[in-house]
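Notes follow the structure.
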Amino acid sequence: MSTAVADIQAGICGHRTVARAVTDDGRATDFEVETTCDNIGRMMALLNERSPVDAYQEIDPRAQSAILACAREGRCCTDCIVPASLIKALRVATNLALPADVTITLSREE
């Protein structure tokens, strides 16, 4: 079994999500998520209905991402970083990427 953990501070909304991507075979991936966001909660309920998530389909640029589809259906904000973070965690759990932190620093210039 392989597990990747993403601790996500979503930004100005103040919500936090801790996601675990878990796979037994390096492809079929399930998620365990703790979140303070109702939208992410709805997204995860939808995603859990479609689980396990096929890692190869998620990274195929020609295929529809189940994670992103559930984010839209769950009414996540279009700029929410959580769906992309779930894909990153999936890639790490399935050995399709090495673990590395991702940082976005936002500021306003006037």
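Is it the case, given these coordinates, that V82 is buried (at least 18 other Cβ atoms within 10 Å of the Cβ), in contact with a helix residue (DSSP H, G or I) (Cβ under 8 Å, 6 or more places away or on another chain) and not charged (D, E, K, R)?
When the stated conditions are applied, V82 passes them.
Of the conditions (1) of a type outside the set (G, A, S); (2) part of a loop (DSSP other than H, G, I, E, B); (3) modelled with pLDDT of 95 or more; (4) farther than 15 Å from A19 by Cα, P99 clears all except one; give me its number.
For P99, the failing item is (4).
Given the condition out of contact with any helix residue (DSSP H, G or I) (no Cβ under 9 Å at 6 or more places or on another chain) and at pLDDT 95 or above, answer yes or no: does some residue in the range 64-74 qualify?
no
The values are calculated or read from the model by the stated rules, or taken from the named source; none is laboratory data. Small disclaimer: the values here were computed from a predicted structure and weren't measured. All Cβ positions, even for glycine, are placed from backbone atoms using ideal geometry, and neighbour counts span all protein chains on display.
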